[in-house]
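**Student:** I'd like to ask some things about the structure below.
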Amino acid sequence: MSVTDLHISHTIANGIKYYVDNKVEFEALFFDVAPALRDNYYNKLASLDIKFDVALRKRHEKFPLITISIDEKSADTFQPLGNRGMQGQLSLLVNQDCDLNIYCDDLDAMRILQRTIQSSMLIFKKNFLAMGYLNMQFVSSTSLDIEDDVITSNVDVYGRSLRYRAQRQLNAKPPEVAFNLPWELNSTIIEN
C-alpha cells in the first residue's frame, strides 16, 4: 500500500482548515456566485465535520465522507533502462491513479467540497513535488450521482469522484553485499 492516500488526506484536511481560517481566500474560490450565497457556503464549510475512511468499507452513517483509493501501474511512456537510477540506485517510475471519492447528503456541501478539494490540491502541489512526486495532476471527475452502494439509514447520499494522477519514482539502493545464491536451473525428470 502506498502512502499517497495519507499525503492526499493530509492535503485535503489542511486545505479545508486553510480556507476556513482565510475567509477572503475562500470567497475568491466562489467569485462566480452572489455574496449572500458565498457567506452561506463559508458558514457551511466551517460547520462541516468531514470524515475520512477507507474506500473499501460500504457502510457509513456520517457525512460528508471522503475516501481515497489508489491503483498503481508502471509509467507507460518511460522507464530507465535496466531500472538504473542515479547514484547507483535502482529506479521504478510509477503512475498512481488516485480516486478522491466525496459522499454527501447535502448538494451544497458537495459543491463546496469539490471546489475546496481541487483548490487544496493546487495550493499544496509544491509540497507533493518537495516529497519526491514527479507530478500530481487532476485528470477528471465523475458525474454527480446518488450512491446505491453506500448504505445509510433513510438518507440519499450523493457521490462524486475526482481522479488525480500521481507520478512517482521509487528508488531502492541495492545491497552492498553480494548474494551468494546459485542462479542455475536444475531440471528434474520424473520417471513413471
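**Student:** Note down all Cβ pairs under 6 Å where the first residue falls in segment 108-126 and is open to solvent by 60 Å² or more (accessible area, probe 1.4 Å), the second is part of a helix (DSSP H, G or I), and they're at least six residues apart or on different chains.
**Tutor:** Filtered contacts from segment 108-126: Arg115/Leu29.
**Student:** Return only the number of the condition from (1) surrounded by 13 or more Cβ atoms within 10 Å (Cβ to Cβ); (2) at pLDDT 95 or above; (3) of a type outside the set (D, E, K, R) that Pro35 does not satisfy.
**Tutor:** (1)
**Student:** Quick check: is even one residue across segment 35-53 under 30 Å from Glu72 (Cα atoms) and in contact (Cβ under 8 Å) with a residue 24 or more places away in the chain?
**Tutor:** Yes.
**Student:** Here is a further query. Identify all residues within segment 100-110 that are farther than 20 Å from Val139 by Cβ and either of a type in the set (Val, Ile, Thr) or assigned to a helix (DSSP H, G or I) (or both); write none if there are none.
**Tutor:** Leu107, Asp108, Ala109
**Student:** Could you list, in sequence order, the residues of segment 41-58 that are open to solvent by 50 Å² or more (accessible area, probe 1.4 Å), at pLDDT 85 or above and out of contact with any Leu (no Cβ under 9 Å at 6 or more places or on another chain)?
**Tutor:** Residues satisfying the conditions are Asn43, Lys44, Ala46, Ser47, Asp49.
**Student:** All but one of (1) part of a strand (DSSP E or B); (2) modelled with pLDDT of 90 or more; (3) surrounded by 14 or more Cβ atoms within 10 Å (Cβ to Cβ) hold for Val139; which doesn't?
**Tutor:** (3)
**Student:** Name the single residue that is farthest from Leu100 (Cα to Cα) among those in segment 1-32 being under 22 Å from the mean Cα position of the chain (by Cα) and exposed (fewer than 13 other Cβ atoms within 10 Å of the Cβ).
**Tutor:** So the first thing to find is which residues in segment 1-32 are under 22 Å from the mean Cα position of the chain (by Cα), and the list is 1-20, 26, 29.
Next cut, exposed (fewer than 13 other Cβ atoms within 10 Å of the Cβ) only: 1, 3, 6, 17.
Numbers: Met1: 16, Val3: 14, Leu6: 12, Lys17: 18 Å.
Per the stated criteria, the residue is Lys17.
**Student:** A further question follows. Take the residues of segment 59-97 that are modelled with pLDDT of 75 or more and among the acidic types (Asp, Glu): which is farthest from Ser161 (Cα to Cα)?
**Tutor:** Among those that are modelled with pLDDT of 75 or more and among the acidic types (Asp, Glu), it is Glu72.
**Student:** Restricting the search to segment 142-174, which residues are farther than 29 Å from Asp71 by Cα, modelled with pLDDT of 65 or more and open to solvent by less than 100 Å² (accessible area, probe 1.4 Å)? Spell out the reasoning first.
**Tutor:** Step one: of segment 142-174, the residues farther than 29 Å from Asp71 by Cα are 153-155.
Now narrow it down to the ones that are modelled with pLDDT of 65 or more: 154-155.
Across segment 142-174, the qualifying residue is only Val155.
**Student:** Moving to a separate point now. Where the second residue is of a type outside the set (Asp, Glu) and at pLDDT 90 or above and the first is more than 18 Å from Asp53 (Cα to Cα) and in a loop (DSSP other than H, G, I, E, B) and lies in segment 147-168, which pairs have Cβ atoms under 7 Å and are six or more apart or on separate chains?
**Tutor:** none
The values are calculated or read from the model by the stated rules, or taken from the named source; none is laboratory data. Since the structure is predicted, the reported quantities are computational estimates derived from the model, not experimental observations. All Cβ positions, even for glycine, are placed from backbone atoms using ideal geometry, and neighbour counts span all protein chains on display. The accessibility values were calculated without ligands, DNA or RNA, using every heavy atom of the protein model including side chains. Shrake-Rupley method; radii C 1.70, N 1.55, O 1.52, S 1.80 Å.
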